Number of protein chains: 2
Amino acid sequence: MPYTYQYPHPALTVDGVVFGFDDADLKLLLIQRALDPFQGKWALPGGFVRIEEGLEQAARRELAEETGITRLYLEQLFTFGDPKRDPRERVVSVAYYALVKLAAHRVRAASDARHAAWFPVADLPALAFDHAAIVELAFQRLKTKVRYEPIGFELLPEKFALSELQRLYEVILAQPIDKRNFRKKILSMGLLQDTDEIQQDVTHRAARLYRFEPRRYEQLKRKGLNFEL
Amino acid sequence: MPYTYQYPHPALTVDGVVFGFDDADLKLLLIQRALDPFQGKWALPGGFVRIEEGLEQAARRELAEETGITRLYLEQLFTFGDPKRDPRERVVSVAYYALVKLAAHRVRAASDARHAAWFPVADLPALAFDHAAIVELAFQRLKTKVRYEPIGFELLPEKFALSELQRLYEVILAQPIDKRNFRKKILSMGLLQDTDEIQQDVTHRAARLYRFEPRRYEQLKRKGLNFEL
DNA sequence: TCAAAAGTGTTAACCATACACCCATGC
DNA sequence: GCATGGGTGTATGGTTAACACTTTTGA
């Protein structure tokens with residue numbers, strides 16, 4: 001059943017740049033393409049937008065279908081529309097970037113039948129289409145956004161130690177941070193709730209675990225707080 | 001000559017949110033729709049993306065065709081794809097926002113045959129489609145971006161007085177700024193070149209005119225400067 | 001008892017803020 | 001000579017940045 005239009009319409013897709021963090025480094029979720037073009041190459045998860053669904057909805061659906069991930073922070077990144085970015089036909093793609101709590105998704109995605117796997121952002125394989133450029137832009141965005149919005153927490157487990165948070169920032173910003181100053185600043189914002197729990201299974205003194213309180217953040221933001229690192 | 005696809009494709013458009021500044025307030029360029037839907041209503045300039053052209057290219061072409069404006073700062077804003085945003089069919093629109101030196105474009109746009117006109121941002125007419133939401137987002141973006149990137153200059157004439165620049169910031173940020181601190185800060189960044197000229201036709205002491213030096217900014221940025229207000 | 005990371009305070013430099021008066025010019 | 005905006009300096013308080021040692025725990 002063909003669909004006919006008076007003028008040519010480009011195809012519309014969504015692609016997702018999914019970041020995870022496992023306290024050594026920042027990871028990116030890729031899938032191996034089963035079909036041409038770029039068969040066998042690694043690519044961003046994504047696919048065609050259905051005619052009756054919203055863009056973000058499409059992005060969430062594709063990520064769920066291809067990687068099994070359903071709970072994530074998702075934000076529109078940029079729309080890529082170079083006429084030659086797909087060798088088959090004109091395809092415009094709305095790219096999203098996503099942050100997930102990797103610990104909860106590690107096994108699932110890695111063992112997925114569609115050949116999904118996590119790669120260190122610093123060491124990615126060659127990517128299909130213009131996906132390298134999309135990843136690059138997403139990483140830039142993450143770098144800048146993490147400094148003035150509390151989105152880093154989306155990459156950590158529910159409960160985390162301050163040193164884990166610090167390492168996250170050090171990895172993303174690619175610069176060392178003074179421990180004392182970091183703690184002072186982050187704690188003084190009043191966004192973290194002490195859980196009264198401590199790390200388990202560590203081979204040294206266990207650290208206190210904290211929880212990020214989004215509602216507290218919304219309250220304080222309204223009173224003029226601005227998160228900044 | 002119809003175009004046929006195996007699956008339905010949404011239509012793809014670009015829309016432009018064009019800001020101008022005339023030292024009293026911030027203005028927005030709108031055009032009056034000649035056709036249904038929303039005939040006679042004011043709307044953002046924009047139109048369909050041609051099959052062989054890039055997105056930004058399409059945005060520039062539409063702005064040139066509908067408003068005569070060709071030299072402007074243009075940046076992709078967001079892609080709007082709610083399935084019901086256009087009553088006719090599914091239309092996904094890539095929105096751009098643009099900053100123009102209004103003084104150079106005032107007459108042209110206002111007298112244009114396509115009924116283009118500048119409206120104060122604070123007092124806009126009802127807009128077609130979801131254009132009010134697009135404008136809202138663009139204004140938000142302008143507000144935040146103007147604080148950490150030197151894009152305000154795109155709204156001013158080539159040569160401008162510091163008080164004009166200050167008023168621009170006061171209007172966009174909707175808050176008063178201390179004159180001495182503003183001057184100290186902006187001049188200390190070393191981005192402005194004194195033109196050795198002064199205002200003409202003013203009814204009081206004429207102010208020095210400055211020029212923003214984009215190349216100087218690029219140099220200093222590489223050395224770690226970050227513009228911030 | 002040693003290794004590894006947790007946790008904690010103080011000082012100095014810098015930057016942001018607040019604030020008021022004189023100057024040049026056109027009418 | 002007066003009205004209008006142009007142009008300038010300083011003092012204070014708050015914030016950031018630099019820096020080192022003690023504590024806890026498991027192996």
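Quick note: the coordinates plus some simple rules give every number you see, no bench work behind them. As the structure is a prediction and not an experimental result, all values here were calculated from the model. Here the Cβ positions follow ideal geometry from the backbone for every residue, glycine too, while neighbour counts run over all protein chains shown.
What the table below lists for this structure:
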{"read-out": "Cα shape, the range B:1-120, gyration tensor, a/c 1.5 rule", "value": "prolate"}
{"read-out": "Cα-based Kirkwood hydrodynamic radius, the protein assembly as shown, one decimal, Å", "value": "24.8 Å"}
{"read-out": "Between helix A:179-188 and chain A: long-axis angle, C-alpha atoms, 0 to 90°, nearest 10", "value": "80 degrees"}
{"read-out": "Per residue Cα convex hull volume in Å³ - calculated over the range B:134-229", "value": "119 Å³"}
{"read-out": "B:Arg215 paired with A:Ile51, simple spin-label distance in nm, labels 7 Å along Cα-to-beta-carbon", "value": "5.4 nm"}
{"read-out": "17 Å reach of a label modelled at A:Ala122, 7 Å along Cα-to-Cβ, counting backbone N of the range A:194-229", "value": "none"}
{"read-out": "Choice from A:Glu53, A:Glu66, A:Glu149 with maximal GNM fluctuation in chain A (Cα, 10 Å cutoff)", "value": "A:Glu53"}
{"read-out": "Rounded to 10°, Cα long-axis angle of helix A:162-173 versus longest principal axis of chain A", "value": "40 degrees"}
{"read-out": "Nearest-0.05 FRET efficiency for B:Glu170 and A:Ile151, computed from C-beta distance (R0 35 Å)", "value": "0.70"}
{"read-out": "FRET efficiency for B:Leu187 and A:Asp25, using Cβ-Cβ distance with R0 set to 35 Å, rounded to 0.05", "value": "0.25"}
{"read-out": "About the Cα centre, charge dipole magnitude for the range A:1-116 (Lys/Arg +1, Asp/Glu -1 at Cβ), debye", "value": "160 debye"}
{"read-out": "Computed magnitude of the charge dipole of the range B:122-210 (debye, nearest 20; Cβ of K, R +1, Cβ of D, E -1)", "value": "500 debye"}
{"read-out": "Over chain A: helical MRE at 222 nm, DSSP H runs n ≥ 4 each giving -39500 (n - 2.57), nearest 500", "value": "-9500 deg cm²/dmol"}
{"read-out": "Acute angle (nearest 10 degrees) that the helix B:55-67 long axis makes with the longest principal axis of chain B, alpha-carbon atoms", "value": "80 degrees"}
{"read-out": "Given charges at beta-carbon only (K, R positive; D, E negative), |dipole| of the range B:65-221 in Debye", "value": "540 debye"}
{"read-out": "FRET efficiency, B:Glu75 to A:Leu35 (Cβ-Cβ, R0 45 Å, nearest 0.05)", "value": "0.85"}
{"read-out": "Antiparallel content of DSSP bridges confined to chain A, in %, to 5", "value": "70 percent"}
{"read-out": "Most positive-pole-ward Cα, A:Pro37, A:Leu173, A:Phe212, against dipole of chain A from beta carbon charges", "value": "A:Phe212"}
{"read-out": "Residue with peak Gaussian network fluctuation, chain B [Cα springs, cutoff 10 Å], from B:Glu218, B:Glu52, B:Glu65", "value": "B:Glu52"}
{"read-out": "Semi-axes of the equivalent ellipsoid for chain A, Cα gyration tensor, largest first, Å", "value": "36, 20, 16"}
